[in-house]
Each structure stands twice: as structure tokens, then as C-alpha cells.
């Protein structure tokens, strides 16, 4: 390996740190936008892309950072389906972050969550049968 | 043009590729004229195809074996891809929607690039602009997969911000767009960026190991000479 290649290599180390730095700065905003979109705001056909992006963010970040991001993004004001469904959502995302659940699981979860937000009054169904069915489905998975 | 592309591992079709890229540059130049109403998307898809096929040959490979091998045609492939990426960004950034530079203007005014991202581009060109922007982000996605270091190192219109950084800022503003194509392309691009971290880090780790090995070898040579 000659000197030019060493210099190139050091530049690449710098690139790795640079990308890491960029993602660190935008991660919180991305997670917030994705979770907000999944709550019925994204076009349905983009949910798989959203799940892929969130999954990539979850598995690459430090668990403590993810915990902070999720707590900020999933505030009770934004999440209208009730406390139990909120806890369940945080648990499912945590399982994805720790590698216990794979991407298809998150895609299905996003799809079901998105469906729940399609009623006119999503807050009105909190604690109702439809939400309980959703909670049961993911409690046993 | 897209159908005339075929991959040759030894780079033997480089002269044809150069011709095709010259043609693409002419199409871009003609298309960027104000009176030109057709979409740039097909020519952007052609660029994406070139990056998919030849990006790997333009990149420093992430294995140490190939790093030590000199690739005489690599420089030429690198030049072609850098040129096509630059001209693609240039044309899309000058289109009527100005979507590529929109967040940049807001940043320069001290705003968060995400604020005001949902404001519409008025007129019949909105869909065309969004499609072209999606096609440009698809080129960057292909670039991140095939030649990440080239894409990250590529400059920008200003010293403050590279094309790569601008693409990220744009993708953040458009990922929640109601238009499915641009939303998907933005999210796919951002996913490829996030996934790239581990790939570049793997490369860096192997590079550090190589440097350490060479220092150990050098140290041993010095010791042998002293003895």
C-alpha cells in the first residue's frame, strides 16, 4: 500500500465519522417524521419504505438514544390510541432495535397501526374492541 | 440509450460508454432550455443505470486485496460517473420546481430545512419536478450502493455543502410528501445512507488493521537491521 492509498484510507475514516455525525443529527427528526406518518399520514403504499428506514435507524443506534427518541416521538398528545397501545408500540419498536424482531414484523405492525388511524376519530376508539384486538395480536407475537 | 448499456467486467466497452455519456450530456443541455417541456426522468434513469453497472469499477473497493491492485480504468470510470452525477444535479436543481435548492434557501434564512417543506410548487410542473427529483434521488441511492465513497466525496455547488449533504436535506423534506414516488425514493435513499455506515466502518476497520500490520512489519525490519 503506497502513501496515496494511506491518505485515501484516512479520508475514508473521516467519511465514516462524517456520515455517522450526519445521521446522529437527523435521527431524532427522522424517527419523529416516520412515526407521525405511520399514524395515518403517509400514503399507504409507502409504509414498507417507512418501515425499512425506521428499522435501519433502530438497529444501528445506541439503545439509550433510541429510548429518548421514541419517548419524544410517541408523546401521549400525538398517540391517540390509549396508554396500552402506546406501551405496546414502544415495546415492539424496542424489540426491533434489539434485533428480537425482524423487518417484516415491523412492516405488518405499521400496516395495522396505520389502519387504526383511518377512522374519523382515532382518539374515540382508544380502549375499544378494535384497539384491544390489535394489542392482543402483538402481545402474543 | 439505456438498452445499449451492457456491463463488461474488464471495462472493454469504455469507449462506447464515453460516447453514450457525451450524448447524455447533450440531452441534458438541450433539456435544460426553458422552452423544453418534456420530462428529464428517462435520461436520469439512464444515469442511474450507468451508476448501477459501473459504479463499482469507479470506487475504491472495500477489500484490501483489491485496494493494493492498481486499476488503470478506474480513474476513467470515476471521471464519467462524477461528471454524470454533477450534470444530473445541475439540471434538476435548475428546473422550474427548484425543489433541490428549496431547503437550502430556508437554511440560509436561518430556518430548519424541514419547515415549510410541504408548500406546493404551483402549476403543471409540480408532478414533473417531483418525478425528476425522485429519479435524481434514485441515482444517489444507486451511487450509495455501488460507490459510496465517491458519492460522499463528491463536491457541491458551494464549499459549505456537498451534493450528498444536499440530497439528504432534500430527502428529509420530501419523505412525507403525499406523492408516492418521491416519498418512496426519499425514504429508500435515506435507508441506503443509514445502512452505509456499517459498510464504510467495516472498510475502515480493515484499513486500520492493514496499517497496524505494516507498522509491525516496519518495526520488525528495523529490529532485524539493528541486530
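Would you mind stating whether residue B:72 is modelled with pLDDT under 90, part of a loop (DSSP other than H, G, I, E, B) and under 28 Å from residue B:14 (Cα atoms)? Spelling it out, residue B:72 is indeed modelled with pLDDT under 90, part of a loop (DSSP other than H, G, I, E, B) and under 28 Å from residue B:14 (Cα atoms). Residues satisfying the criterion are present in the range A:64-78 (criterion: touching a residue at least 40 places away in the same chain (Cβ under 8 Å), within 23 Å of residue A:129 (Cα to Cα) and surrounded by fewer than 22 Cβ atoms within 10 Å (Cβ to Cβ)).
Can you tell me which of B:133, B:190 is at pLDDT 90 or above and either away from chain A (no Cβ under 12 Å) or surrounded by fewer than 21 Cβ atoms within 10 Å (Cβ to Cβ) (or both)? Steps first, answer last, please.
Numbers: B:190 fails: either away from chain A (no Cβ under 12 Å) or surrounded by fewer than 21 Cβ atoms within 10 Å (Cβ to Cβ) (or both).
Within the list B:133, B:190, the selection yields B:133.
Just to be sure, is residue A:84 more than 17 Å from the chain's Cα centre (by Cα), assigned to a helix (DSSP H, G or I), farther than 17 Å from residue A:58 by Cα and modelled with pLDDT under 90? In short, yes.
Can you find even one residue in the range A:55-69 that is more than 8 Å from chain B (Cβ to nearest Cβ) and not in a helix (DSSP H, G or I)? Walk me through how you get there before you give the answer.
Here is the first cut: in the range A:55-69, the residues more than 8 Å from chain B (Cβ to nearest Cβ) are A:55, A:58-59, A:61-69.
Of the ones still in play, those that are also not in a helix (DSSP H, G or I) are A:61-62.
Yes, there is a match, as at least one residue in the range A:55-69 is more than 8 Å from chain B (Cβ to nearest Cβ) and not in a helix (DSSP H, G or I).
The values are calculated or read from the model by the stated rules, or taken from the named source; none is laboratory data. Predicted, not measured: the structure shown is a model, and the values here were computed from it. Note that each Cβ is placed from the backbone with ideal geometry, even for glycine, and that neighbours are counted across all protein chains shown.
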